[in-house]
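The values are calculated or read from the model by the stated rules, or taken from the named source; none is laboratory data. Bear in mind the structure is a predicted one, so any value in this text is a computation, not a measurement. FYI the Cβ positions are ideal-geometry reconstructions off the backbone, even for glycines, and counts take in every protein chain you see. Ligands, DNA and RNA are stripped out before the accessible areas are found, and what is left, the full protein with its side chains, is counted by its heavy atoms. Shrake-Rupley method; radii C 1.70, N 1.55, O 1.52, S 1.80 Å.
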Amino acid sequence: MWARSFVGSLVRPLATRMAAAAAARPAVVSAFSQPAGRVQQIRGLGNLQPRRRKYKKAQKGRVPVRTGGSTKGNYMAFGDYGLRVKEGLRLPAKTISAIHTLLKSKLKAVKGLQIWLRVFPDIPVTTKGTEVRMGKGKGAFDYWACRVPKDKIIFELRAPGLNTELAKDALRQAGFKMGVPTEFVVANELTRQPKKCDLPPTTIPFQQAK
């Protein structure tokens, strides 16, 4: 009984000092913990990359050539002015960010400017050094890119005080960074997405012989 009380008298001051030190130490918040009520941060155009992919690397592939009559992405859907490419290309994420920065710089005086990006770089591109022998596996990851088919609209603009001349000049300078011929598009009845009932059939219906 005497030994138990003696050990208890030694342990209790030690536990008191440890509790006081823990109270004085600042709380460590995990990097993966998120307080309740906080809205998830939206990524800007300066961080154009997918959040996750099943595979780290991908084959090079080719720019799609639409031979079946598909017009996906060829019509204006959001803004009043757009930039359309006249040839297929592989567009890097760095070029997309540079074009977005250029548009904001040229149109910074316009109030309420909205910019829509119609493509997203989700294809990993790998590179190897020059004069490297064949084999030894695939190269290291270099940048993100997207395959853009012909006649696809890349950017769209809209603002209450944005006139046609100012938008055309800004998109013309943005087209210089593409490396392919581009076209300035104005939203009207011909460039708006038509209704499904107005689209022509992609296949000719079967006509039974009489």
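Quick notes on this structure:
- The stretch 81-105, subset over 15 Å from residue 168 (Cα atoms) and assigned to a strand (DSSP E or B), residue most open to solvent (accessible area, probe 1.4 Å): 90
- Selection of first residues in the stretch 53-76 that are under 20 Å from residue 137 (Cα atoms) and surrounded by 12 or more Cβ atoms within 10 Å (Cβ to Cβ) and of second residues that are modelled with pLDDT of 90 or more and aromatic (Phe, Trp, Tyr), restricted to Cβ pairs under 8 Å at least 6 apart or on distinct chains, gives the following pairs, ordered by first then second residue: 57/141.
- Any hit, the stretch 101-118, residues being under 19 Å from residue 183 (Cα atoms) and among the charged types (D, E, K, R): yes
- Within the stretch 128-181, the set of residues being among the acidic types (Asp, Glu), under 24 Å from the mean Cα position of the chain (by Cα) and on the phi < 0 side of the Ramachandran plot comprises 142, 156.
- Pairing each residue of the stretch 180-197 that is more than 25 Å from residue 90 (Cα to Cα) with any residue that is among the polar types (S, T, N, Q), provided the two are 6+ apart or on different chains, yields C-beta distances under 9 Å for 194/71.
- Scanning the stretch 56-80 for residues that are part of a loop (DSSP other than H, G, I, E, B), of a type in the set (A, V, I, L, M) and either in contact with a Gly (Cβ under 8 Å, 6 or more places away or on another chain) or closer than 14 Å to residue 150 by Cβ (or both) yields 63, 65.
- Residues that are under 15 Å from residue 62 (Cα atoms), touching a Phe, Trp or Tyr at 6+ places or on another chain (Cβ under 8 Å) and charged (D, E, K, R), drawn from the stretch 109-152: 122
- Residue tally, condition more than 30 Å from residue 67 (Cβ to Cβ) and among the basic types (Lys, Arg), over the stretch 139-168: 2
- Scanning the stretch 175-210 for residues that are aliphatic (A, V, I, L, M), modelled with pLDDT of 70 or more and out of contact with any Lys or Arg (no Cβ under 8 Å at 6 or more places or on another chain) gives 178, 186, 187, 190.
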